[in-house]
Amino acid sequence: MDANLDAIRMQVAAAAAAGAQLIVLPEFAAFLDRSGRAMTQAAAALNQHPALPALQACARGHGIWLLAGSLTVKLPGPPHKLANRSLLLDDAGHIVAEYDKVHLFDAHLPDGRDIAESRAYQAGTHAALADTPWGPVGLSICYDLRFPALYRRLAQAGAVVLCVPAAFARETGRGHWHTLLRARAIENGCYVVAAATCGEHPGRWQTFGHSLVVDPWGTVIAEAGDAPDILLCELDLDQVAHTQAALPALMHERPFELRRFPFPNP
């Protein structure tokens, strides 16, 4: 964690010096290990988490807003699970929004590995929309990306930017990462900002990388590769209003019932 926080300090300083006002970090930015035991040992209650003061000092010291992609937070009482929590810090280092990952990644990967986040983590129950100087920002984490209803709700509530910090598995990232992120932008007419871990982590856990920004039309306007990098991107937030006015799908959604037609008997 100390090495990761040192890297974060250096990269935040470089981004802020280049003019960044909102800096977004990936999921598990402070610590990522394939071992559930290691993740649990590195976790702490939010007010005791060793990474939080360092991240707050970054935001305060550089006068920037910082989305701490996610930290592993120990929850009080039984069943003694963790929260995968995203935190938005303002330019004074104050926590202005918190979001616990709603959709937990329980899956069988193509390489044969089984992932069961629900064993160690407790799912969140609330979406999170934060007011910022640039407009409302919607929060999400990684596997949430596969559940479009979450982003629809955020967009209908006024989000202009949807953030997707992630530690996307390399196998699924190759096939789905770009398509899903572009779809969430197109469906909702919002910017999508997705910071992602990359490379190989302890326990032979490989993540896809390719942090990127998608505009409301679905065009990828900035993208990193599979090595650590800093993306600097200017968002034209007027484009959100123009796109949503041209394609007002958010206002055209209608309630409906499902009618099932059974296969007729011979």
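The values are calculated or read from the model by the stated rules, or taken from the named source; none is laboratory data. All of these numbers come straight from a predicted model, not from anything done at the bench. When we count neighbours, we look across all protein chains shown, and the Cβ atoms used for this are built from the backbone with ideal geometry, even at glycine. Remember, those area values only see protein heavy atoms, side chains included, never the ligands or the DNA or RNA. Shrake-Rupley method; radii C 1.70, N 1.55, O 1.52, S 1.80 Å.
Kindly indicate whether residue 109 is touching a helix residue (DSSP H, G or I) at 6+ places or on another chain (Cβ under 7 Å) and in contact (Cβ under 8 Å) with a residue 60 or more places away in the chain. Here the answer is yes, as residue 109 does meet what is asked. Residues that are part of a loop (DSSP other than H, G, I, E, B) and in contact with a Ser or Thr (Cβ under 8 Å, 6 or more places away or on another chain) within region 216-255 comprise 216, 217, 224, 229, 231, listed in sequence order. Can we say residue 166 is farther than 23 Å from residue 4 by Cβ, surrounded by 16 or more Cβ atoms within 10 Å (Cβ to Cβ) and in contact with a Gly (Cβ under 9 Å, 6 or more places away or on another chain)? Against the criterion (farther than 23 Å from residue 4 by Cβ, surrounded by 16 or more Cβ atoms within 10 Å (Cβ to Cβ) and in contact with a Gly (Cβ under 9 Å, 6 or more places away or on another chain)), residue 166 does not qualify. Restricting 124, 138 to those that are modelled with pLDDT of 95 or more, over 26 Å from residue 222 (Cβ atoms), within 15 Å of the chain's Cα centre (by Cα) and surrounded by 18 or more Cβ atoms within 10 Å (Cβ to Cβ) reduces the list to 124. Taken over region 112-121, residues that are of a type in the set (Asp, Glu) and crowded, with 18+ Cβ neighbours inside 10 Å amount to 1.
Residues that are open to solvent by less than 30 Å² (accessible area, probe 1.4 Å) and either free of Cβ contacts under 8 Å to residues at least 60 places away in the same chain or within 19 Å of residue 229 (Cα to Cα) (or both) do not occur anywhere in region 34-41. Only a single item in (1) in a loop (DSSP other than H, G, I, E, B); (2) surrounded by fewer than 22 Cβ atoms within 10 Å (Cβ to Cβ) is not met by residue 28, and it is number (2). Only one entry of 89, 154, 181, 104 meets the criterion of being free of Cβ contacts under 8 Å to residues at least 40 places away in the same chain and within 28 Å of residue 62 (Cα to Cα), and that entry is 89. Flag: residue 209 does not match the condition of being more than 16 Å from residue 29 (Cβ to Cβ), of a type in the set (Gly, Ala, Ser) and out of contact with any Lys or Arg (no Cβ under 6 Å at 6 or more places or on another chain). Condition (residue is touching a Gly at 6+ places or on another chain (Cβ under 6 Å) and open to solvent by less than 60 Å² (accessible area, probe 1.4 Å)) applied to region 200-208: is it met by at least one residue? There is at least one residue in region 200-208 that is touching a Gly at 6+ places or on another chain (Cβ under 6 Å) and open to solvent by less than 60 Å² (accessible area, probe 1.4 Å). The set of residues in region 210-246 that are in contact (Cβ under 8 Å) with a residue 60 or more places away in the chain and over 19 Å from residue 186 (Cα atoms) comprises 228, 230, 232. Given the criteria over 14 Å from the mean Cα position of the chain (by Cα) and either open to solvent by less than 10 Å² (accessible area, probe 1.4 Å) or among the polar types (S, T, N, Q) (or both), does residue 64 qualify? It is true that residue 64 is over 14 Å from the mean Cα position of the chain (by Cα) and either open to solvent by less than 10 Å² (accessible area, probe 1.4 Å) or among the polar types (S, T, N, Q) (or both). Exactly one residue among 56, 48 is open to solvent by 30 Å² or more (accessible area, probe 1.4 Å), under 25 Å from residue 13 (Cβ atoms) and not hydroxyl-bearing (Ser, Thr, Tyr), and that residue is 56.
Name every residue in region 77-126 that is within 18 Å of residue 36 (Cα to Cα), outside any strand (DSSP E or B) and among the charged types (D, E, K, R), in order of residue number. Once the filter is applied, which keeps residues that are within 18 Å of residue 36 (Cα to Cα), outside any strand (DSSP E or B) and among the charged types (D, E, K, R), region 77-126 yields 81, 101, 113, 117, 119. Just checking, does region 167-187 include any residue being closer than 23 Å to residue 130 by Cβ and assigned to a strand (DSSP E or B)? No, region 167-187 contains no residue that is closer than 23 Å to residue 130 by Cβ and assigned to a strand (DSSP E or B). For region 86-111, the set of residues classified as open to solvent by less than 30 Å² (accessible area, probe 1.4 Å) and either of a type in the set (Phe, Trp, Tyr) or closer than 25 Å to residue 11 by Cβ (or both) consists of 86, 87, 88, 89, 90, 93, 97, 99, 101, listed by residue number.
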